[in-house]
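The values are calculated or read from the model by the stated rules, or taken from the named source; none is laboratory data. Note that the coordinates shown come from a computational prediction; the quantities given were computed from them, not determined experimentally. All Cβ positions, glycine included, derive from the backbone under ideal geometry; neighbour counts span all protein chains shown. Just so you know, the surface numbers come from the protein's heavy atoms only, side chains and all, with ligands and any DNA or RNA stripped out. Shrake-Rupley method; radii C 1.70, N 1.55, O 1.52, S 1.80 Å.
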Amino acid sequence: MEFDVIFGNAARAGLGPQAAIFALAAIGLNLHFGYAGLLNFGQVGFMMLGAYGTAIMVATWGGSLWLGIPFGLGLCVAFALALGIPTLRLRSDYFAITTIAAAEILRLLIRSSPATDITGGPFGLQAIANSFFDLNFLPDGRFGWGTFSYSSNQLWVMIVAWILVVLCSALVLALIRSPWGRVVRAIREDEDAVLSLGKNTVAYKLQALVIGGVIGGLAGVIDALQQSGVGSENFEPQVTFFAWAALILGGLATTVGPVVGAVLFWFLREGVESFIRELSEQGWLPDILADFLDGAEGAISIALMGVGLVALMALRPQGIFGRRRDLHLGT
Amino acid sequence: MSDTTTMRPELTEAALEAAPPGRLKDDPILITFGMLKTFGGIRAVDIDHLEIERGTITAIIGPNGAGKTTLFNLLTGFDRPDRGSWRLDGRSLGGQPPHRIARLGMVRTFQLTKSLSRLTVLENMAVAAQTQRGERLERALLRWLWQPEEGRVRERAEALLERFGLAHMVDEQAGTLSGGQRKLLEMARALMADPTLVMLDEPTAGVNPALTESLLEHIRELNAEGVTIVFVEHNMDVVMDISDWVVVMAQGRILTEGPPQDVVANEEVIDAYLGRPRDPADGEDAEDA
Amino acid sequence: MSNARSLRSVVALVAVAVLSLFLFGSAQAQDGEGEAFSGTLRFGGEPVEGVRISVVDAAGEVVGEAVTGADGRWRIELPGPGTYRATIDTDTLPKGVMLRDPERQTLEVTVTAGRSRPLIFALGEPVSRGPNVGEKLAQAVLNGVKFGLIIAMCAIGLSLIFGLTGLINFAHGELVTLGAILAWYFNADTFGAQLILAGVLAVVVAGAAGGGVEFSLLRPLRARRLGGFQFMVVTIGLSLLARHVMLLFFGPDRERYIDYALQAEWTFGPFAVTPRDFTIMVLSAVLLIAVAVFLQRARTGKAIRAVADNPELAESSGIDVDRVVLFVWAAGAALAAVGGVFFGSVEAVDWLMGFRLLLLMFAAVVLGGLGTAYGAMVGGLLIGLVTEVSTVWASPEIKAVFALGVLVLALLLRPQGLLGQRERIG
């Protein structure tokens, strides 16, 4: 068994662009739920709007990428307002259900044939990131060792993405430590109490929703850049669940939680897939199992993620960096 | 809206004579006209006229389901009446959201204490400050704009906590406090918002006798400093002890109002409409639900 | 109505042709070496010969042409994976034969490496000559009621579980899929049991699975005082697990049951319905009424309502809350599985069907008011109607958008849901 191959694959995924994208999505979710108590299950909708806004500006309208990115993030702001204004006054469970439904319906709309002229429908949009990769100052070739290696362009995406992760983490930390953040965290604890103290809680929740949504939109922008295109199949509801898994694994309402959680999530996911692939390539699987598992590493690793989530909740619900006591104090 | 009470068939002559509700006050801080709130056909609150005198301690009493908490919710904007208007210091509050009513000076507490569990005691207090402009998003990242005020907020909060005997808990998470300490914290927090009128919903429920004593002392002190206080209470000892005026509610209506001695002396009223034993000290615990 | 009737038979035959094309196409995909497009042209069940089809690549270069043979088949090899446009030359169609949808004369299709993609140029009478708006509306209303009843049945468990325990069960859709897939195994795969028997077996197993999850996982976790959010995450984990295990066993394809697959329709005035769909509608309505009567009359039903109203009070008045919750999990899962079998029968069975339905169920329970069984019923019917009726005017791909539209509108006008109660504060 070639453990270096497995470890290389896992490490590549754990530090790669996907992990950074999920870290950004999870940082946004952390502001939403970890700090403001908003149960957003439609984070993928923000990612999708960030990605598609950028891609539409470039591929459909022939605009500049540097105009496309703010346009995509602007769409996220609009989505947050459209979602938040009717639902943020309601109980959190209503909000959760509305957000997951809204994101999926947005996806159906984007991939529908009436929208094809703008969004490319089921085919998506391609060749959007040329001006981003023009800025790549790295030499050509591969960087790394064995399977743990990246192409020049991948590395360029990673550098930008991880810088954004650091910046967004710092932004959220600074916001949360400000008086604004204090009100937001207070709303998470008890909205009525904060209302009774003269704070317009809906406005604060809306602001938190917008900021976390824009950070999620940034994740979508990076996704569009690294693939140099967009496709609606990349924005299924599952993506939100994975971002949640990363956040919970790392620990809610912590600064490093969403980042470490995303790294670990992708490390484990790719590690498991690679491990199963190795097993079957080495012929170490019994025949029945081998037939069964052939080409199904993806499904197996996601199923195991499911088991992992259940186990995490049963054994360490606060995640890696969370404090158990906070769980019991929470309402 | 008429200022006078109309005759209601279910009210006995004796009860009306004892103290007609809706009495005009010399210097009312809060005036309510024609307040009606129904839940599925039941009139939870149906008040023609109610005035609260500035600078007094007013108790609202009545059996469970009398509409006391609903009245609180309506007055503080947490629930919307079917109709009715009310004014605080001459400013109309009808249709205003709760946070604006709080900013206008009417701050409430809740029957079930609402401490912000995962925030520290100091943070609980600081949230209530009305002077911290760093709470606005556009200033949140500009530390130098709010840092000086943060120091003043802390000073005020610590002074209040000192007074309420919570100074030693400043950096504890509020969720670790005992039930009684949370009541104290909630009251201190309400004061931090600099109110002119404080609405306390059952301030002594679930608080041990020793703490109740100090709580009442705080209420008296506050009142002496000029804060008007309205509170819902089941414990008649407390009502008799600290209130200047008592409003009796039953089935959503104001049955009678007057000085505590007068109200409690009117035994027919108490018997008929509160269903309480004559000795008001008995059987209080059963009322807390 | 004879015109509409003949149209329907044409549509049914085209459907058969499409199905056989799928089977043929997927068989081809395994045999073929490289990338290719292929298909079979049929009109009224008969193969159509001598029709020219050409394919151009993304740059507009012609990469291949074919003429259909005597069996109506055609196949064009492609130079490699990529996106191509295939065009049918309508001039070469025999007289009286035309495309059912004239806009689908050119198809743009992406081919992945090593795959042969079947393409369908559906021949028949143009859709524009189909039923008028009134007839379409009548049919859409019928479909709406049909799907609405199924959604309602699936959503009752979701809503009641929320009402009893405050839990949003993200794995509820997988119970729907489980019922449909188990019935498929019993019916079309291993046992060859008749669909009704297979369905009953599937419902029993799915009900046991629902009860099992509550009994062996959620109840012990409740004893450990896990918070509501943590429970939600547990159900997300369960949903990921169940969905992908079903994907492993069942595979990614859509399958159909053996029984009642193709039936002639009955017509009642403007409505046309197969006996299967009619039976399903009647059975769904009967089951929903039975649930309502059960909740009103039966001891357990009353206990469910009591616990939903106030768990502490119910507990103190001698109701075994754990047993009530267990019952609702098992019964809710069984109802979801019934919905799954019905849905699989009306449409098809696949591993994602429940998850797709979950979003509509969510919309239904929020619309009706979280936590009430009747809310789920009313909400389900409304969602079914709105989505189907929208297809009269809008593209069917975006029918779910209308469900959300109704939901948002309802939340604005009546935040507690249609049948929900306002919460009291303080």
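How big is the C/B interface in buried accessible area, both sides summed, 1.4 Å probe, to the nearest 100 Å²?
Looking at C and B, the buried total is near 500 Å².
Using a 1.4 Å probe and counting only protein heavy atoms, how much accessible surface gets buried when A and B come together, both sides summed, in Å² to the nearest 100?
Interface area, both chains combined: 3000 Å², rounded to the nearest 100.
Hey, what does the equivalent ellipsoid look like for the protein assembly as shown, semi-axes from the Cα gyration tensor as sqrt of 5 times each eigenvalue, largest first, whole Å?
Whole-Å semi-axes of the equivalent ellipsoid: 59, 35, 26.
What does the highest-first list of C:117-124, C:142-149 look like by mean Cβ count within 10 Å?
C:142-149, C:117-124
Which value, in debye to the nearest 20, describes the size of the charge dipole of the protein assembly as shown about its Cα centre when Lys and Arg Cβ atoms bear +1, Asp and Glu Cβ atoms bear -1, and nothing else is charged?
The dipole of the protein assembly as shown has a size of about 1040 debye.
Where the Cα atoms of region A:71-221 are projected onto their three principal axes, how long is each span, largest first, in whole Å?
Result for region A:71-221: principal-axis Cα extents of 61, 43, 27 Å.
Listed here are the pairs A:LYS199/B:LYS37; B:LYS68/B:LYS183; A:LYS199/B:LYS68; A:LYS205/C:LYS146; B:LYS25/B:LYS183; B:LYS25/B:LYS114; which of them are more than 29 Å apart at the Cα?
Going by Cα-Cα distance, A:LYS205/C:LYS146; B:LYS25/B:LYS183; B:LYS25/B:LYS114 fall outside the 29 Å limit.
Tell me the carbon and sulfur percent of the accessible area for the protein assembly as shown, rounded to whole percent, probe radius 1.4 Å.
Answer for the protein assembly as shown is 59 percent, counting heavy atoms of protein chains only.
Accessible area lost on pairing C with A, both sides, 1.4 Å probe, Å² to nearest 100?
By this definition, chains C and A bury close to 4200 Å².
Mind checking which aspartates and glutamates have their C-alpha under 17 Å from C:LYS399, skipping anything on the same chain fewer than 8 residues away?
Straight-line reach from C:LYS399, under 17 Å: A:GLU104, C:GLU347, C:GLU388.
Of the options B:PHE231, B:GLY180, B:LEU255, report the single residue whose Cα projects farthest towards the positive end of the charge dipole of region B:143-268 (beta-carbon charges: Lys, Arg +1; Asp, Glu -1).
Value computed over the given set: B:GLY180.
With charges only on Cβ, +1 for K and R and -1 for D and E, what is the dipole size of chain A about its Cα centre, in debye, rounded to 20?
1500
Only counting protein heavy atoms at a 1.4 Å probe, give the residues of region C:229-244, ordered by number, whose accessible area falls by 30 Å² or more when the other protein chains are present relative to the chain alone.
At a threshold of 30 Å² (probe 1.4 Å), the residues of region C:229-244 that become less exposed are C:PHE229, C:GLN230, C:MET232, C:VAL233, C:VAL234, C:ILE236, C:GLY237, C:LEU240, C:LEU241, C:HIS244.
Which of the peptides B:66-74, C:105-113, C:335-343, A:121-129 is most tightly packed, and how do the rest follow, judged by the mean count of other Cβ atoms within 10 Å per residue?
Top of the packing list down: C:335-343, B:66-74, A:121-129, C:105-113.
What ranking of C:ILE398, A:ILE118 comes out by heavy-atom accessible area, probe 1.4 Å, highest first?
A:ILE118, C:ILE398
Averaged over its residues, how many other protein chain Cβ atoms are within 10 Å of peptide B:109-116's Cβ atoms?
5
When only alpha-carbon atoms count, how far does region B:140-203 stretch along each of its three principal axes, as whole angstroms with the largest first?
40, 29, 20
To the nearest 20 Debye, how big is the dipole of region A:9-141 about its Cα centre, given +1 on the beta carbon of each Lys and Arg and -1 on that of each Asp and Glu?
Result for region A:9-141 is approximately 320 debye, rounded to the nearest 20.
Where q = 0.12 Å⁻¹, what log10 of I(q)/I(0) comes from the Debye formula for region A:1-102, counting one point per Cα?
-0.54
Kindly point out which whole DSSP H helices in chain C project their C-alpha atoms 27 angstrom or further along the helix axis while averaging a Kyte-Doolittle hydropathy of -1.0 or above.
Helices meeting the criterion: C:2-31, C:133-165, C:228-250, C:275-297, C:321-346.
Which of A:GLY74, A:ILE21, A:LEU39 sits closest to the plus end of the dipole of region A:1-156, meaning its Cα is farthest towards the positive end, when Lys and Arg get +1 and Asp and Glu get -1 on the C-beta?
Of the candidates, A:LEU39 comes out farthest on the positive side.
Using DSSP to call loops (not H, G, I, E or B), can you name the trypsin sites (Lys or Arg not before Pro) in region C:152-229 whose Cβ has at most 14 other Cβ atoms within 10 angstrom?
Listed in order of number, the matching sites are C:ARG224, C:ARG225.
Could you list which residues have their amide H under 5 Å from that of C:ARG100, counting only those 5 or more apart in sequence or on another chain, with H placed in the peptide plane?
Residues meeting the criterion, in which the H sits 1.01 Å from N, are C:ALA122, C:LEU123, C:GLY124.
At 24 Å minimum axial length over the Cα atoms and a Kyte-Doolittle cut of 0.0, report the qualifying DSSP H helices in chain A, or say none.
Span-like helices, by this rule, are A:65-87, A:92-111, A:152-177, A:201-227, A:257-281, A:297-315.
Once every DSSP H run of n ≥ 4 in the protein assembly as shown is given -39500 (n - 2.57) and the sum is divided by its residues, what mean residue ellipticity at 222 nm do you get, rounded to the nearest 500 deg cm²/dmol?
Per the formula, -17500 deg cm²/dmol.
Take every residue in peptide C:356-368, count the Cβ atoms of other chains within 10 Å of its Cβ, and give the average of those counts.
Mean shielding by partner chains, rounded to a whole number: 3.
How big is region A:3-329 by the Kirkwood estimate over distinct Cα pairs, in Å?
Roughly 20.6 Å, rounded to one decimal.
When N is the residue count of region C:133-413, what does its C-alpha Rg come to as a fraction of 2.2 N^0.38 Å?
Rounded to two decimals, the normalised Rg is 0.99.
To the nearest 10 square angstrom, how much accessible area does B:HIS234 have with a 1.4 angstrom probe?
Solvent-accessible area, nearest 10 Å²: 10 Å².
From largest accessible area down, sort A:ASP93, B:ASP262, A:ASP134, B:ASP48; use a 1.4 Å probe on the protein chains.
A:ASP134, B:ASP262, B:ASP48, A:ASP93
Rounded, prolate or oblate: which fits region C:312-419 when a ≥ b ≥ c are the square roots of the eigenvalues of the alpha-carbon gyration tensor, with rounded for a/c under 1.5 and prolate only if a/b beats b/c?
oblate
Give me, ordered by chain and number, the residues 5 or more places off C:GLN263 or on other chains with an amide H under 5 Å from its own placed amide H.
none
Considering only the protein assembly as shown, what is the antiparallel percent among its DSSP beta bridges, to the nearest 5?
Around 75 percent of the beta bridges assigned by DSSP in the protein assembly as shown are antiparallel ones.
Tell me whether region C:221-342 comes out rounded, prolate or oblate; compute the Cα gyration tensor, take square roots of the eigenvalues as a ≥ b ≥ c, and use a/c under 1.5 as the rounded threshold.
oblate
What shape does region C:134-224 have by the C-alpha gyration tensor, where a ≥ b ≥ c are the square roots of the eigenvalues, rounded means a/c under 1.5, and otherwise prolate means a/b greater than b/c and oblate the rest?
oblate
What residues of region A:294-321 lose no less than 30 Å² of accessible area with every protein chain in place versus their chain by itself (probe 1.4 Å, heavy atoms only)?
Those residues are A:ALA299, A:ILE302, A:ALA303, A:GLY306, A:LEU309, A:VAL310, A:MET313, A:ALA314.
State the Cα centre-to-centre distance between region C:276-317 and region A:68-96 in whole Å.
Spelled out, the Cα-based centre of one part sits 36 Å from the other.
Express the accessible area of the protein assembly as shown per residue in Å², computed with a 1.4 Å probe while the remaining protein chains stay in the model.
That works out to 41 Å² per residue.
Solvent-accessible area of B:GLU53, probe 1.4 Å, all protein chains present, reported in Å² to the nearest ten, please.
For B:GLU53, the solvent-accessible surface is approximately 40 Å².
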